[in-house]
1. Rounded to the nearest 0.05, what FRET efficiency do Glu140 and Glu178 have when you use their Cβ-Cβ distance and R0 = 56 Å?
2. With bins 10 Å wide starting at 0, give me the P(r) of region 233-288 over every alpha carbon pair, in whole percents.
3. Can you give the extra length, in nm with one decimal, that the chain gains between Ala105 and Ala332 once fully stretched, where that is 0.36 nm per residue apart less the Cα-Cα distance?
4. Quick one: how many Å² of Cys353 are accessible to a 1.4 Å probe, rounded to 10?
5. Computed FRET efficiency, Cβ-Cβ of Lys364 and Ala63, R0 30 Å: what is it to the nearest 0.05?
6. Quickly work out the Arg44-to-Ser246 label distance, labels modelled 7 Å from Cα along the C-beta direction, and quote it in nm with one decimal.
7. On the accessible surface of the chain, probed at 1.4 Å, how many percent belong to carbon and sulfur atoms?
8. Taking 0.36 nm per intervening residue step and subtracting the Cα-Cα distance, what contour gain separates Arg73 from Arg148 on full extension?
Amino acid sequence: MPDVLDPAPYDALLLLSFGGPEGPDDVVPFLENVTRGRGIPKERLKEVGRHYFLFGGVSPINAQNRALLDALREDFAAHGLDLPVYWGNRNWAPYLTDTLREMVADGRRRILVLATSAYASYSGCRQYRENLAEALATLEAEGRELPRIDKLRHYFNHPGFIEPMIEGVLESLADLPEDVREGAHLAFSTHSIPETAADTSGPAGQHGDGGAYVRQHLDVARLIAEAVRERTGVDHPWRLVYQSRSGAPHIPWLEPDICDHLEELHGQGVPAVVMAPIGFVSDHMEVLYDLDTEAKAKAEELGLPVRRSATVGADPRFAAAVRDLVTERAAAERGKKVAPCALGALGASHDVCPVGCCPARAPKPAAAGADSPYA
């Protein structure tokens with residue numbers, strides 16, 4: 001086998017995701033998992049869960065992860081990369097701890113983790129690492145041999161993540177009526193987070209106004225907007241906007257909200273908008289409700305033509321990007337000199353999260369980083 005496709009020293013890849021309910025009876029228990037420790041009453045959770053009930057109580061994220069698993073396994077097999085792929089979730093079955101038990105029972109001792117979050121932030125990176133540490137602590141208490149776990153770097157600017165999104169924006173523009181197409185604006189959307197969490201995202205040296213979270217999203221938005229201009233000859237104005245806010249009203253979160261932005265653009269006489277959810281790997285509930293339901297309803301109310309471009313999902317180019325990330329990290333672990341593949345101004349992200357990266361308000365042990373108790 002060519003060295004570039006050698007996964008050693010790793011013997012498994014773990015797809016680590018958020019999880020979601022797969023029926024009406026799952027919604028409240030799922031939300032109890034998500035909000036554990038916050039003391040939120042069950043009646044309030046039922047109200048929060050109304051988004052899920054609109055879709056039969058089923059989040060699309062699990063089906064989308066199954067499709068990604070299939071795409072990864074197909075790509076690995078086609079390119080001779082002998083690496084089994086497992087799947088575990090933070091908040092719903094298959095649970096992370098159960099999957100790690102299975103992996104240990106299968107003899108897996110060096111595990112790479114692919115999180116379904118492309119950017120740096122507490123909720124998008126460190127919280128996953130905390131969940132890994134909690135799962136390892138459980139296995140340790142059970143007397144099981146612990147595997148060594150590493151996490152793949154942030155892939156927000158990998159060509160295999162960027163190119164499908166460029167294509168999605170181009171297809172959405174082409175789907176707009178011809179008389180409004182050239183004047184359309186691009187709204188690049190991601191999950192809003194508290195400003196304090198954004199400001200402390202990424203390594204300590206990148207903390208500041210918006211932190212790594214905002215800078216990474218802005219770089220991706222620029223890459224896509226520039227590619228659209230190069231391929232169409234039209235320079236579409238764009239802005240990074242936010243969605244899915246869930247915090248207390250008195251706490252500042254990143255703005256503007258997508259619906260507010262649509263109102264502003266309509267007031268300026270903008271003829272159409274393409275909403276591009278660059279902050280999301282797949283079309284899960286935040287995309288289906290906050291964009292396809294809520295934002296589209298606002299656009300209809302305004303009489304503003306909008307289209308929503310596709311997320312990356314199980315696109316073969318993304319599966320190929322994961323293969324590239326795996327072989328890149330494996331080669332580096334073997335002491336090989338590697339040239340990480342990354343577009344834009346920021347370059348490739350770090351392989352190992354440093355101390356102080358995306359800190360939590362209440363510090364907890366986190367695996368797969370420089371401060372991991374499970375080296």
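1. On the way: r = 62 Å, r/R0 = 1.11.
Calculated transfer efficiency: 0.35.
2. 18, 46, 30, 5, 0
3. On the way: separation 227, 0.36 × 227 = 81.72 nm, distance 2.71 nm.
Working it through step by step, the gained length comes to 79.0 nm.
4. Its heavy atoms expose roughly 10 Å² to the probe.
5. On the way: r = 31 Å, r/R0 = 1.02.
Computed FRET efficiency for Lys364 and Ala63 comes out at 0.45.
6. Simple spin-label model gives 1.3 nm for this pair.
7. Numbers: 8110 of 16060 Å².
Carbon and sulfur atoms account for 51 percent of the accessible area of the chain.
8. Values: separation 75, 0.36 × 75 = 27.00 nm, distance 2.20 nm.
Separation in residues times 0.36 nm, less the Cα-Cα distance, equals 24.8 nm.
The values are calculated or read from the model by the stated rules, or taken from the named source; none is laboratory data. The structure displayed is predicted, hence computed values, not measured ones. Because the Cβ atoms are built from the backbone with ideal geometry, glycine has one as well, and the counts that use them run over all protein chains shown. Calculation scope for accessible area: heavy atoms of the full protein, side chains included, ligands and nucleic acids excluded. Shrake-Rupley method; radii C 1.70, N 1.55, O 1.52, S 1.80 Å.
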